[in-house]
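**Q** Provided herewith is a single structure, encoded as structure tokens, for subsequent inquiry.
The values are calculated or read from the model by the stated rules, or taken from the named source; none is laboratory data. Just so we're clear, the structure is a prediction, and the values are computed from it rather than from any experiment. Neighbour counts run over all protein chains shown; Cβ positions are idealised from the backbone, glycine included. Just so you know, the surface numbers come from the protein's heavy atoms only, side chains and all, with ligands and any DNA or RNA stripped out. Shrake-Rupley method; radii C 1.70, N 1.55, O 1.52, S 1.80 Å.
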Number of protein chains: 2
Amino acid sequence: MSKNNPMPTACVIIIGDEILSGRTSDANLSYLGKRMDEIGIRLIEARVIPDDEQTIVQTLNQCRHLFTYVFTTGGIGPTHDDITAASVAKAFNVEIERNLKAVKAMDDFYPEGKLNDARLKMADIPVGATLIDNPVSGAPGFQIENIFVLPGVPMILQGMLDGMIDRLTGGEPMLTVSLATDLTEGNLAKGLGQIQDNYSDISIGSYPYFKDGKFGVNLVSRSTSSARLEQLQKELKYFISKSGGNVLLNI
Amino acid sequence: MSKNNPMPTACVIIIGDEILSGRTSDANLSYLGKRMDEIGIRLIEARVIPDDEQTIVQTLNQCRHLFTYVFTTGGIGPTHDDITAASVAKAFNVEIERNLKAVKAMDDFYPEGKLNDARLKMADIPVGATLIDNPVSGAPGFQIENIFVLPGVPMILQGMLDGMIDRLTGGEPMLTVSLATDLTEGNLAKGLGQIQDNYSDISIGSYPYFKDGKFGVNLVSRSTSSARLEQLQKELKYFISKSGGNVLLNI
């Protein structure tokens, strides 16, 4: 993408009381982050919100104007606490209706006699939305404008994302390279800050770790230019050696 | 807390490019969620944002007016990408200064000769803030008004939280009870919805799982009343048996 056409952005809205209560740890954000890097979309925010209609509507209506793409995860099952589809309809001020294509997809998926009324609730989709195929468990997700409504179960989300990734227009892929050292942040900070100043086109992250009784730091560099990253890695290695440290495999 | 004095609320702002890129999974949200339940504070939102000053300032200034308490995690180390303290100062429109109590705490902690200029950056704290002791690694966090600035490393965050938990005023603790069944959500949904209608004071979450080749559902009920939870658990067990399912230990 040219500088006049900046990288498209994305936000993930993680919907679920169980994430906020600490009962369940989200596993979708890191997957989406990696996939967005690959296709050149900058995932720059995530919000975790409860299964509460007013909060979902407000958050959707804020985020859909702030980011190129918005992904929601969670709340599209058959039970009473699955209120995402109805909340999305409300955010767009459209009706929700039994979607016949969704019914067909689920009818093809479920064994005869298993597609009961409760499951059919998952075919209630906002008017004007486009379905997202679910190759794992039948009930589809959907897209409405720049919002993509996906499930919370990681395996199902990943299956759906693969089939709809072509709907997203990205820029240059974001590349990441890492190296680790047995130096500490306190000893690296000054020189590393100078290197960052010289490579202002690259974001260098410094992440301390403590593993197997030893302290160290991972240095993670991100850029769309592999040539610049290679140049930077050489400089970082030289700096670490000069400072009396060892360059380690990324921890 | 009385109904006229509703439960205090909390929001967590997770600051770090590494969480959004998928390199690191956040481990602090679930810990904070559980601790807030224990002390009767409703953790009702989390935001994950990049190491970007403007975004941090804007998010802080939004969230500090929306929630009783705001916790930030990450970005308070000694390296160039640690910009949380400076961003908090900017959000409150105050200066950042070398805090002598913080210097003293770090001087007591580090072995002689190890407290260099880079590490001393961690003693630069917004004017008017109150320190939060760090029993694990020396450099303190801080509180300014209703914002608590904590580190990203879980072990250090947990150590700091223990020492400052008295600064938070909660309501009645939120209690959680769970049971699991080998029925599926599609078969539970209708009856479960009716039970939820009868227990509108309790939030019942339904979470499908697939484990060891078997599908099932965890039913998680949350309330401040242990008596009501006990009553509900009995009803759920009866409903599961009546529907031809087994009540399992929570998965």
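**Q** What nm value, rounded to one decimal, do you get for the distance between A:TYR110 and B:GLN62 when each label is placed 7 Å out toward the C-beta?
**A** 3.8
**Q** Shifting gears a bit: With a ≥ b ≥ c the root eigenvalues of the C-alpha gyration tensor of chain A, is it rounded (a/c under 1.5), prolate (a/b larger than b/c) or oblate? Before the final figure, lay out each step's value.
**A** On the way: a/c = 2.63, a/b = 2.20, b/c = 1.20.
Cα axes put chain A in the prolate bin.
**Q** Still on this structure, I have one more. Give the accessible area for A:HIS65 in Å² (nearest 10); use a 1.4 Å probe, count only protein heavy atoms, and leave out ligands, DNA and RNA.
**A** Counting only protein heavy atoms, A:HIS65 exposes about 140 Å² to solvent.
**Q** Let me ask something additional. Considering chain A as a Gaussian network with a 10 Å cut-off on Cα pairs, which listed residue, A:GLN58, A:GLN158, A:GLN143, attains the greatest mean-square fluctuation?
**A** Result: A:GLN58 has the largest fluctuation of those listed.
**Q** B:ASP133's amide H: which non-local residues (gap 5+, or another chain) put their own amide H closer than 5 Å, with H modeled 1.01 Å from N in plane and none for Pro or chain starts?
**A** Under 5 Å from the amide H of B:ASP133 lies no amide H from a residue far enough along the sequence or on another chain.
**Q** What is the Cα coordinate range of the protein assembly as shown on the first, second and third principal axes, sorted by size from largest, in whole angstrom?
**A** Cα spread of the protein assembly as shown along its principal axes, largest to smallest: 72, 53, 42 Å.
**Q** Also, quick follow-up: List, in order, the whole-Hz ³J(HN,Hα) value for each residue of the range B:43-60 obtained from phi through the Karplus relation with A = 6.51, B = -1.76, C = 1.60 and θ = phi - 60°; use x for Gly and Pro.
**A** Values, residue by residue: 7, 10, 7, 9, 10, 10, 10, x, 6, 9, 4, 4, 5, 4, 4, 4, 5, 4 Hz.
**Q** Something else about it: In the range B:1-93, carbon and sulfur make up what percent of the accessible area (probe 1.4 Å)?
**A** 47
**Q** Ok, one more. Write down the accessible area per residue of the protein assembly as shown in Å², having rolled a 1.4 Å probe over the full set of protein chains.
**A** 46
**Q** With θ set to phi - 60°, apply the Karplus curve 6.51 cos²θ - 1.76 cosθ + 1.60 along the range A:200-205 and write out the HN-Hα couplings as whole Hz, x wherever there is a Gly or Pro.
**A** 3J(HN,Hα) across the range A:200-205, in whole Hz: 5, 7, 10, 9, 9, x.
**Q** Next question. Quick check: pseudo-label points 7 Å beyond the Cα along Cα→Cβ at A:LEU249 and A:GLN54, how many nm apart are they?
**A** Going from the A:LEU249 label point to the A:GLN54 one covers 5.4 nm.
**Q** Antiparallel versus total DSSP beta bridges in the protein assembly as shown: what percent is that, nearest 5?
**A** 65
**Q** Right, here's the next one. Can you work out which chain A residue has the shortest Cβ-to-axis distance for the rotation that carries A onto B, and give it in Å?
**A** A:ARG47, 3
**Q** While we're here: So who's got an amide H within less than 5 Å of the one on B:ARG42, skipping anything under 5 residues away but keeping other chains? H placed 1.01 Å off N, in plane.
**A** B:THR9, B:ALA10
**Q** Would you calculate a helix-derived [θ] at 222 nm for the protein assembly as shown, using -39,500 (n - 2.57) for each DSSP H run of n ≥ 4 and dividing by the full residue count, to the nearest 500?
**A** It comes out at -11000 deg cm²/dmol, rounded to the nearest 500.
**Q** Okay, next question. For A:TYR238 and B:LYS242, what is the calculated FRET efficiency with R₀ set at 51 Å and r taken between the beta-carbons, to the nearest 0.05?
**A** Details: r = 71 Å, r/R0 = 1.40.
Approximately 0.10, to the nearest 0.05.
**Q** In nm, one decimal, shortest first: how far is the label point of B:LEU131 (7 Å from Cα along Cα to beta carbon) from the matching points in the other copies?
**A** List, nearest first: 6.2 nm.
**Q** Still on this structure: Note down the magnitude of the dipole of the range B:1-118 about its Cα centre, charges +1 on Lys and Arg C-beta and -1 on Asp and Glu C-beta and zero elsewhere, to the nearest 20 debye.
**A** Roughly 620 debye for the range B:1-118.
**Q** Given springs between every Cα pair under 10 Å in a Gaussian network model of chain B, which of B:PRO173, B:PRO78, B:PRO111 has the largest fluctuation?
**A** Result: B:PRO111 has the largest fluctuation of those listed.
**Q** Amide H to amide H, which residues 5 or more places from B:GLY75 or on other chains are under 5 Å from it, using H placed in the peptide plane?
**A** Residues meeting the criterion, in which the H sits 1.01 Å from N, are B:GLY152.
**Q** Between rounded, prolate and oblate, where does the range A:56-162 land on the alpha carbon gyration tensor, with a ≥ b ≥ c its root eigenvalues, rounded for a/c under 1.5, else prolate if a/b exceeds b/c?
**A** prolate
**Q** How many Cβ atoms of partner chains, on average, are near each residue of A:72-83 if near means within 10 Å of its Cβ? Write out the running numbers ahead of the final one.
**A** Values: counts 0, 0, 1, 0, 0, 7, 11, 15, 12, 10, 3, 0.
Mean partner shielding for this stretch: 5.
**Q** Moving on. Taking R0 as 60 Å, what FRET efficiency do you get between A:LYS190 and B:GLU172 from their Cβ-Cβ distance, rounded to the nearest 0.05?
**A** After rounding to 0.05, the efficiency reads 0.75.
**Q** Also, quick follow-up: Antiparallel as a % of all DSSP beta bridges within the range A:8-131, to the nearest 5?
**A** Here the antiparallel bridges make up roughly 20 percent for the range A:8-131.
**Q** Write down the percent of antiparallel bridges among all DSSP beta bridges whose residues are both part of chain A, to the nearest 5. Let's see the in-between values first.
**A** Working: 27 of 43 bridges.
Expressed as a percentage, antiparallel bridges in chain A total about 65.
**Q** For the range A:148-207, just say rounded, prolate or oblate: build the C-alpha gyration tensor, square-root its eigenvalues into a ≥ b ≥ c, call rounded for a/c under 1.5, and beyond that prolate if a/b exceeds b/c, oblate if not.
**A** Prolate, because a/c is 1.5 or more and a/b exceeds b/c.
**Q** While we're on this one: Figure the gain on full extension for B:GLU95 and B:ILE165 (residue separation times 0.36 nm, minus the Cα-Cα span) and round it to one decimal in nm.
**A** Gain on extension, B:GLU95 to B:ILE165, equals 22.5 nm.
**Q** Can you list, shortest first in nanometers, how far A:ARG98 lies from the same residue in the other copies, with each label 7 Å from Cα toward Cβ?
**A** 7.4
**Q** Among A:ILE14, A:ILE125, A:ILE202, which one shows the biggest mean-square fluctuation in a GNM of chain A, springs joining Cα atoms closer than 10 Å?
**A** A:ILE202
**Q** Output the 0 to 90 degree angle, nearest 10, between the alpha-carbon long axis of helix A:154-164 and the longest principal axis computed from the alpha carbons of chain A.
**A** Roughly 90 degrees between the two axes.
**Q** Follow-up. Could you tell me how far the Cα centroid of the range A:29-75 sits from the Cα centroid of the range B:87-103, in Å?
**A** Answer, in whole Å: 32.
**Q** With all protein chains present and a 1.4 Å probe, how do A:LEU100, A:LEU188 order by accessible area, largest first? List each step's numbers first, then the result.
**A** Working: A:LEU100 135, A:LEU188 0 Å².
The ranking, largest first, comes out as A:LEU100, A:LEU188.
**Q** List the extent of the Cα atoms of the range B:126-251 along each of their three principal axes, largest first, rounded to whole Å.
**A** Principal extents (Cα only, largest first): 62, 34, 19 Å.
**Q** Which value in Å does the Kirkwood hydrodynamic radius of the range A:1-107 take, with 1/r averaged over all unlike C-alpha pairs and then inverted? Provide the component values of the computation, followed by the final result.
**A** Values: mean 1/r = 0.0654 Å⁻¹.
Here the Kirkwood hydrodynamic radius works out to 15.3 Å.
**Q** Rounded to the nearest 100 Å², what is the buried accessible area between A and B, both sides summed, probe 1.4 Å?
**A** For A against B, buried area totals roughly 3900 Å².
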